[in-house]
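> First, the structure itself, so that you have it in front of you.
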Amino acid sequence: MIEIAHLDHEEDESSSDGMINFASEPRTMVPRFTRVWAALLMVVFFSTFVGGAAQANARDEAAEQFVQDLIDEGLAILQNDGASLDEKKQVFGNLVLNNADIPGMARFTLGKYRRNMSSEQLNEFVSLFEQYTKNFYETRLGEYGGEDIDVVNSVDLGRKGIVVESQMELAPESILEVNWKVFKKSDGEYIITDLGVAGIWMVLEQRSQFTSVIGNNGGNVDALLVKLREMVSSGEGAELPPPT
Amino acid sequence: MRGMIVKTLGNKFILRLLVGAFCITAAGCASTPPSPTEIAAREEANDPIEPVNRSFFKLNNAIDNAVIEPTAKAYRRALPKQARDGLRNFSRNLGEPVTFANDLLQLEFKRAGVTLGRFTINSTMGFFGFNDAAKSFGLKYHNEDFGQTLGVWGIPEGPYLYLPVIGPLPPRDLVGAIADAFTNPLFWANEPIIDGVLIGSGVAGGVDVRERNLENLDRLEETSVDYYASLRSLYRQRRNYEIRNGENTYEDLPDLQEFE
């Protein structure tokens, strides 16, 4: 209903635009059936548009399978009693790196400042980001209690990729939403581009930190590189002085 | 009457803190004019008074280290999980009338029904709210506030604002918090005991939230290159998620292929 009302409004505007000379004429100048016809056309146009959007929101079961397999693989690593925590972290970290689009995520977190960077700076940043991401997930591994995570749905966003929705059962009646932004590469393989926990997307959050560090240092990308180097070299559970 | 005096005094105290901190920081910032890049960065982050916000953030971290975190730790040591859950339930139950009002304002009648049911069951069977008995009737807790209602109505959050003691509270949510304080029927009870309970439950609720996030916040600080910006992003993303009532819409998600 709202769409149609909106379209009517648009139609009114366009018809008055087209009839500047007759601005004072009553609108009945346009035969009624033409108006009805135009409205119908609009409805058809709109329904195809909405239909297209609905199609774009279709599920992608292959992507769901990819994520579920990844979760199962991660769980298997964690539940491997023969391995020490350090070994588990190592294997898990590699699992993250092998399935995440590290260079793409890294570039995204730089926002507009990526353009100020030399290729050396960018290369260093990508490798620091890789290590940072690995450390980040390894650090959090210890907190994970082995709860089940089940893929429940997916939404194909077209160009923007696919969101695979999963749920972690923290306790009966208490569910944590974990969403995976997935991208289908040209070779048909899937790759993770972001992780959203309870509505919070990690890469978005990282971008706001990184661009803030660069912006607050007069646009100097080195300021971020210095901080990341510090953080990465101090490794897991990096202790940093409080931000100034 | 005495209740009103307590409230006014409380507000005056907060106001003084605000004004005091603002003067200190305003004086501090005035000496260093920001560069154009810095101004652009602040605009991009929708955080035009970032230096002031950051100084409050620093202040709050100091307060947290000195008072709130130790209190939260002591609270954890002193009370078993069950008792802490009970206190949280009590504090949440006192907030249900506000949630109910905002459910209605958002035309979420089903959720309003859930809130009303929860409040009725928990206030009686649930022993003044200490026990979340409504949960076993399938009435799950949710929280609404007027800031969220304004968000549902399409009002943007406004520039970021970080306040002493209180933390992040951008204009929309600040207006919301004030409106909610007046919406709570208990606010109008004008009984010293009820005032005491309200204030006490507010403080206990805050300590409880801090206790539940002791590890999370430590981890976040450890893994952040800019803790302030990290929390700013978390606050905004989380609020938007709450405004959508946890429903997933991905229209706002950026296109990772575009790096602008």
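The values are calculated or read from the model by the stated rules, or taken from the named source; none is laboratory data. Here the structure is a predicted model, which is why all the values come from computation and not from measurement. Counting neighbours? That spans all protein chains shown, and the Cβs are built from the backbone with ideal geometry, glycine included. Just so you know, the surface numbers come from the protein's heavy atoms only, side chains and all, with ligands and any DNA or RNA stripped out. Shrake-Rupley method; radii C 1.70, N 1.55, O 1.52, S 1.80 Å.
> Whole Å is fine, so just give me how far the alpha carbon centre of segment B:90-162 lies from that of segment A:147-177.
Value for the Cα centre distance between the two parts: 25 Å.
> As a test of the definition: which semi-axes, in Å, follow for chain B when you take the square root of five times each eigenvalue of its alpha carbon gyration tensor? Largest first, please. Show your work: numbers first, answer last.
Details: eigenvalues 208, 113, 76 Å².
Largest first, chain B gives 32, 24, 19 Å.
> List the GluC sites (Glu not before Pro) within segment A:96-177 that fall in a DSSP loop (any state other than H, G, I, E or B) and whose Cβ has at most 16 other Cβ atoms within 10 Å.
A:Glu143, A:Glu147, A:Glu173
> Then there is this: What residues does segment B:214-252 have that are buried by at least 40 Å² of accessible area in the full protein assembly compared to the chain on its own, 1.4 angstrom probe?
Those residues are B:Arg219, B:Glu222, B:Thr223, B:Val225, B:Asp226, B:Leu234, B:Gln237, B:Arg238, B:Tyr241, B:Asn248, B:Tyr250.
> Which residues of segment A:71-114 show a drop of at least 20 Å² in accessible area when all protein chains are present, compared with their chain alone (probe radius 1.4 Å, heavy atoms only, ligands and nucleic acids excluded)?
A:Arg107, A:Phe108, A:Gly111, A:Lys112, A:Tyr113, A:Arg114
> Additional query: Please report, in whole Å, how far the alpha carbons of segment B:201-260 spread along each principal axis, starting with the longest.
In descending order, the Cα extents are 44, 30, 14 Å.
> Now, a different point. May I ask you to list the trypsin sites (Lys or Arg not before Pro) in segment A:151-215 that are in a DSSP loop and have at most 13 other Cβ atoms within 10 Å of their Cβ? All intermediate terms of the calculation are to be shown ahead of the outcome.
Values: sites: A:Arg159, A:Lys160, A:Lys181, A:Lys184, A:Lys185, A:Arg207; in loops: A:Lys185.
Qualifying residues, ordered by number: A:Lys185.
> Please report the buried accessible area for the interface of B with A, total over both chains, probe 1.4 Å, in Å² to the nearest 100. The partial results should precede the final answer.
Values: alone 16100 and 15270 Å², together 27120 Å².
Protein heavy atoms only, the B-A interface buries about 4200 Å².
> Roughly to the nearest percent, how much of the accessible area of chain B is carbon and sulfur, given a 1.4 Å probe? It would help to have the intermediate numbers written out before the result.
Details: 9340 of 13910 Å².
It is 67 percent, rounded to a whole number.
> Binning at 5 Å from 0, report for segment A:113-244 what percent of all alpha-carbon pair distances ends up in each bin.
Taking every Cα pair in segment A:113-244, the percentages come to 2, 8, 14, 18, 17, 16, 13, 8, 3, 0, 0.
> What are the residues of segment A:215-230 that lose 20 Å² or more of accessible area, with a 1.4 Å probe, going from their chain alone to all protein chains?
Residues passing the criterion (a loss of at least 20 Å², heavy atoms only) are A:Gly215, A:Asn216, A:Gly218, A:Lys227.
> Quick check: convex hull over the Cα atoms of segment B:135-200, volume per residue in Å³, rounded to an integer? Walk me through the intermediate numbers first.
Numbers: hull volume 9.1 nm³, N = 66.
Hull volume normalised by residue count: 138 Å³.
> Rounded to two decimals, what is Rg over Rh for segment B:87-209 when you use alpha-carbon atoms and the Kirkwood radius?
On the way: Rg = 14.8 Å, Rh = 15.2 Å.
Reported Rg/Rh, Kirkwood definition of Rh: 0.98.
> In addition: Skip the ligands, DNA and RNA, and give the accessible area per residue of segment B:176-229 with a 1.4 Å probe, whole Å².
Details: 2480 Å² over 54 residues.
For segment B:176-229, the per-residue accessible area is 46 Å².
> On to the next question. With a cap of 15 neighbouring Cβ atoms within 10 Å, and only residues DSSP puts in a loop, list the chymotrypsin sites (Phe, Trp or Tyr not before Pro) found in segment A:69-169. Kindly include the intermediate steps, with their values, before the conclusion.
Details: sites: A:Phe92, A:Phe108, A:Tyr113, A:Phe125, A:Phe129, A:Tyr132, A:Phe136, A:Tyr137, A:Tyr144; in loops: A:Tyr144.
Those satisfying the criteria are A:Tyr144.
> Kindly write out, for segment A:135-148 in residue order, the coupling ³J(HN,Hα) from the Karplus curve 6.51 cos²θ - 1.76 cosθ + 1.60 (θ = phi - 60°), rounded to whole Hz, with x marking Gly and Pro.
4, 4, 6, 5, 4, 7, 4, x, 7, 7, x, x, 5, 6
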